[in-house]
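The values are calculated or read from the model by the stated rules, or taken from the named source; none is laboratory data. If you're wondering where the values come from, they're calculated on a predicted model, not measured in any experiment. In this analysis, Cβ positions are derived from the backbone assuming ideal geometry, glycine residues included, and neighbour counts consider all displayed protein chains. Just so you know, the surface numbers come from the protein's heavy atoms only, side chains and all, with ligands and any DNA or RNA stripped out. Shrake-Rupley method; radii C 1.70, N 1.55, O 1.52, S 1.80 Å.
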Amino acid sequence: MLILGHRGASKAAPENTLSAFDLAIHQGADGIEFDTIEVDNHVIIFHDRWLERTTDGEGLVADKPIDYLRSLDAGNGEVIPLLSEVMHMLPHDCICNVEMKHIANLDSWLKHFDKAMDSSGFPLDNIIVSSFNHHWLKQLSHKRPDIKLGILTSAVLENCRDLVDTMNAYSFHVDLEVVSKEYIEELKTLNTKVLVFTVDKTEDMLMLSTWGVDGIFTNVPDTARSALGKCEMYQFADVR
Ligand code: G3P
Ligand code: MG
């Protein structure tokens, strides 16, 4: 079962920062997940709409110029990273889930994404782009069928097969709050991977492992690695 550091190793380090991503890999994660927001003609790595919870700044992220955002302390003196900075620091054999949280429009977000990928040389095969916004995913699937897409959901969806078919999705990323053995089994009949967020308790990790879940997002990759051991990794590039 794949272990992905949710916003990095975000229990031990400030979430969505370079140190959290580095720590996740050192704690034995197979990869990381992070959130992207497009603002002031840049793509930053940030989760919330508002600055207060994770920085010393104030106000709506979307309203701020990039210089102000980059001047803030995102925890332990860390700067809010740019997408290109993360892609440059990641080992090329790790798996990277880029979540689209807020975009200005798909073309401009893609321009930033492609630039970060090209300049870093990070392999596209090791990327999954996900979003709760299934309209964006659908558009992206038409523009870029070469990108693996992850359908994020906190619901038990009724139209799973239609979604997979319309966007040729690679995976479902399902909230732990709504998973059940039956739901996992249903999703797996669609020939997609199933990943679950956010899984920090050993008991849940073990339960999901017995249910055949393909991966988890966790704030504590070290705990997950201890609980799950060195699992055999599926051939990430071969599926779909
Ligand atoms: O991608 C899994 C998870 O990150 C989705 O929820 O709100 O933590 O971005 P959120
Ligand atoms: Mg996320």
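Observations
- HIS92 being within 14 Å of ligand 2 (Cβ to nearest atom) and either touching a His at 6+ places or on another chain (Cβ under 8 Å) or open to solvent by 10 Å² or more (accessible area, probe 1.4 Å) (or both): no
- Selection from region 128-143 of residues that are surrounded by fewer than 20 Cβ atoms within 10 Å (Cβ to Cβ) and either small (Gly, Ala, Ser) or closer than 18 Å to ASP35 by Cα (or both): PHE132, ASN133, HIS134, HIS135, TRP136, SER141
- Residue count for region 197-226 under the criterion of being basic (Lys, Arg) and within 19 Å of LEU23 (Cβ to Cβ): the result is 1.
- Here GLY75 qualifies as within 24 Å of ALA12 (Cβ to Cβ) and not hydrophobic (A, V, I, L, M, F, W, C).
- Within region 43-53, if we keep just the residues that are of a type outside the set (D, E, K, R) and crowded, with 16+ Cβ neighbours inside 10 Å, the residue that is nearest to ligand 1 (Cβ to nearest atom) turns out to be HIS47.
- Of the residues HIS173, HIS142, the single one that is in contact with a Ser or Thr (Cβ under 6 Å, 6 or more places away or on another chain) and either over 25 Å from LEU206 (Cα atoms) or not in a loop (DSSP other than H, G, I, E, B) (or both) is HIS173.
- In region 31-47 there is at least one residue matching the filter, namely being among the small types (Gly, Ala, Ser), within 16 Å of ligand 2 (Cβ to nearest atom) and assigned to a strand (DSSP E or B).
- Scanning region 48-79 for residues being within 15 Å of ligand 2 (Cβ to nearest atom) and touching a strand residue (DSSP E or B) at 6+ places or on another chain (Cβ under 9 Å) gives a total of 3.
- Boolean, ASP165 is modelled with pLDDT under 95 and either in a helix (DSSP H, G or I) or within 14 Å of ligand 1 (Cβ to nearest atom) (or both): yes
- Residues located in region 70-86, provided they are open to solvent by 20 Å² or more (accessible area, probe 1.4 Å) and outside any loop (DSSP other than H, G, I, E, B): ARG70, SER71, LEU82, SER84, GLU85
- Verdict on ASN16 being in a loop (DSSP other than H, G, I, E, B) and away from ligand 2 (no atom under 16 Å from the Cβ): no
- Residue check, HIS173 open to solvent by 10 Å² or more (accessible area, probe 1.4 Å) and within 16 Å of ligand 2 (Cβ to nearest atom): no
- Filter result for the condition that a residue is without any contact (Cβ under 8 Å) to a residue 12 or more places away in the chain and open to solvent by 60 Å² or more (accessible area, probe 1.4 Å), over ASP56, ASP67, ASP125, ASP146: ASP67
- Among the residues examined, ASN159 qualifies as farther than 25 Å from VAL39 by Cα and either surrounded by fewer than 20 Cβ atoms within 10 Å (Cβ to Cβ) or among the charged types (D, E, K, R) (or both).
- Residues of region 103-122 that turn out to be surrounded by 17 or more Cβ atoms within 10 Å (Cβ to Cβ) and either within 20 Å of ALA62 (Cβ to Cβ) or within 15 Å of ligand 2 (Cβ to nearest atom) (or both), as a count: 6
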